[in-house]
Amino acid sequence: MSSVNSSSNSRDRLAKQRGIPTRCNCGEKVARFTSRTVKNPGRLFYCCPMGSEKDKTHLFKWTDKSVVEEIEDFQELFDVLLIDNSEFQRSVRACENMLKRHESRIEEMEDAVRRCQEKTIECISELRIIKALFVCCLLIFFIYFIYA
Ligand SMILES: [Zn+2]
């Protein structure tokens, strides 16, 4: 399992999985080996324990290619997260602005309620004055009819 040749690239397509492989299509867990060929000395690769150099039905994948795919996928995910984060930040700013508008609206409504309470107190005192005037008028009429 420690020697490979360049024909193993066709087996990369069999794996159908990006990044670092974990299982072969046959279901076996893949392991990492070191190439001892003259063409790729010391190069790491993932391979199915059931596979061999000539058997193209089992997984074979260079570790450096797998890591590059992992980094590419992570970069795509990172880009998506950056976009999501900027959209989230925009939403947060919009919510903060809306909250400020609502807070100022609440302050306006509290002022209106305060003015209404003051007007109500004024109305009650005016009604008391009117009531007192009405009682006085009634008394004057009553006295007038009695003594006239
Ligand atoms: Zn396999």
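May I ask for the angle, rounded to the nearest 10°, between helix 63-147 and the longest principal axis of the chain, with both axes built from Cα atoms and the value confined to 0 to 90°?
Taking Cα atoms only, the helix is inclined about 10 degrees.
Within the range 37-133, how many Lys pairs that are eight or more residues apart, or on different chains, come under 19 Å at the alpha-carbon?
Lysine pairs meeting the criterion: 5.
May I ask you to compute the full-extension gain from D84 to R128, defined as 0.36 nm times their residue separation minus their alpha-carbon distance, rounded to one decimal in nm?
Separation in residues times 0.36 nm, less the Cα-Cα distance, equals 9.3 nm.
Run lengths n ≥ 4 of DSSP H only: what is the helix-derived mean residue ellipticity at 222 nm for the chain, with -39500 (n - 2.57) per run over all residues, to the nearest 500?
About -23000 deg cm²/dmol.
What Rg and what Dmax come out for the chain when only alpha-carbon atoms are used, in angstroms?
43.7, 140
Give the distance, in whole Å, between the Cα centre of the range 14-51 and the Cα centre of the range 99-148.
Here the two parts' Cα centres lie 91 Å apart.
All of the numbers you see were taken from the coordinates with simple rules; none came from a lab. Quantities reported herein were computed from a predicted structural model and do not represent experimental measurements.
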